[in-house]
1. Grab the beta carbon distance between A:Asp73 and A:Lys14, set R0 = 30 Å, and tell me the FRET efficiency rounded to 0.05.
2. Along Cα→Cβ, 7 Å out, is where each label goes; now give me the distance between the ones at A:Gln22 and B:Thr27 in nm to one decimal.
3. Once the convex hull of the C-alpha atoms of chain B is built, how many Å³ does it hold per residue, rounded to a whole number?
4. Which entries of B:Lys36/B:Lys69; B:Lys36/B:Lys70; B:Lys51/B:Lys108; B:Lys36/B:Lys59 show an alpha-carbon separation above 25 angstrom in the structure shown?
5. Set the Förster radius R0 to 22 Å, insert the Cβ-Cβ distance between B:Arg38 and B:Gln3 as r into 1/(1 + (r/R0)^6), and round the FRET efficiency to 0.05.
6. With a 10 Å radius around each residue's Cβ, average the other Cβ atoms per peptide and rank A:82-92, A:6-16, A:59-69, highest first.
7. Counting only other residues whose beta carbon sits under 12 Å from that of B:Arg38, what net charge do I get with K and R as +1, D and E as -1?
8. So, counting K/R as plus one and D/E as minus one, what does the shell of residues with Cβ under 9 Å around A:Lys9 add up to?
Amino acid sequence: NAGVTQTPKFQVLKTGQSMTLQCAQDMNHEYMSWYRQDPGMGLRLIHYSVGAGITDQGEVPNGYNVSRSTTEDFPLRLLSAAPSQTSVYFCASRRAPGRNTGELFFGEGSRLTVL
Amino acid sequence: GQQVMQIPQYQHVQEGEDFTTYCNSSTTLSNIQWYKQRPGGHPVFLIQLVKSGEVKKQKRLTFQFGEAKKNSSLHITATQTTDVGTYFCAGRGNNDMRFGAGTRLTVKP
C-alpha cells in the first residue's frame, strides 16, 4: 500500500493563478482532510470529508474548494492564489468518521509558494 | 469554536534531560492524539487517549489525559537526539481533529 499520496511536492504560483493539489489514499478510508501548516501555528484544518459526496469546512476554508467524487481522491483547489496561501499543505485520512476512531495518516506534504 | 493550546512553543534540552509538553482544550474532548513530526517530514501518529485520567507509556514516553478530558501531557524521560522534532497534540471535536501549535524539541548531544 502506498498510503496517502500527495502531488505535487513543490509548486510556485503567481498571484491570481489557480491550481489543484491532488490527494489519493489506497486504504479505503472514509475520512479525508486537508491541513495547512504555517510556522508557529501548527496544523489548521481547511476542509474535510466523511465520505464520497460529503464535504465540510474546517477552521480556515476561505480561498479553497474541495470535492469528493470517490473514496480514494480528495483534491484541494485554489481558484485565485494569494501570497497568504503560501504554506505547506498536508492531506490526511483515517479509517472511519466515528467518534473514537484511530490515527490520521498523513501524506508527505505539498510546499506551495505564491509570489 | 474548539481551541487547542499547547505549551511551550520551543524547548531545548541537553541529551539525557527530561522533556514535557502540555496541551489544553477550551472544551471537553472525546479523545486526544499525539503526533511527532521530524524536521522536513510529515506528522506521524504516536498514541490516542480516550478515557478520563488515562496514562499510557511507550518506552521513554508517558502520555496522560486529564480527569476532565480537557488537558493532556507528553513526558519524555532521558531525551535522546532521535527525539528531535515537533510534537503535536490533537483534540477530537465533532467530526474533525484540531491540532495544537506544537512544541519544537531540540536536543544538544
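1. Once the sixth-power term is evaluated, E becomes 0.70.
2. 3.6
3. Taking only Cα atoms, chain B has a hull volume of 88 Å³ per residue.
4. B:Lys51/B:Lys108
5. 0.25
6. A:82-92, A:59-69, A:6-16
7. With Lys, Arg at +1 and Asp, Glu at -1, the net is 0.
8. Net local charge, A:Lys9 excluded: 0.
Coordinate-derived values only; no laboratory data. In this text the structure is predicted, and so the values were computed from the model without any measurement. Positions of Cβ are generated from backbone atoms using ideal geometry, with glycine treated the same way; all protein chains shown enter the neighbour counts.
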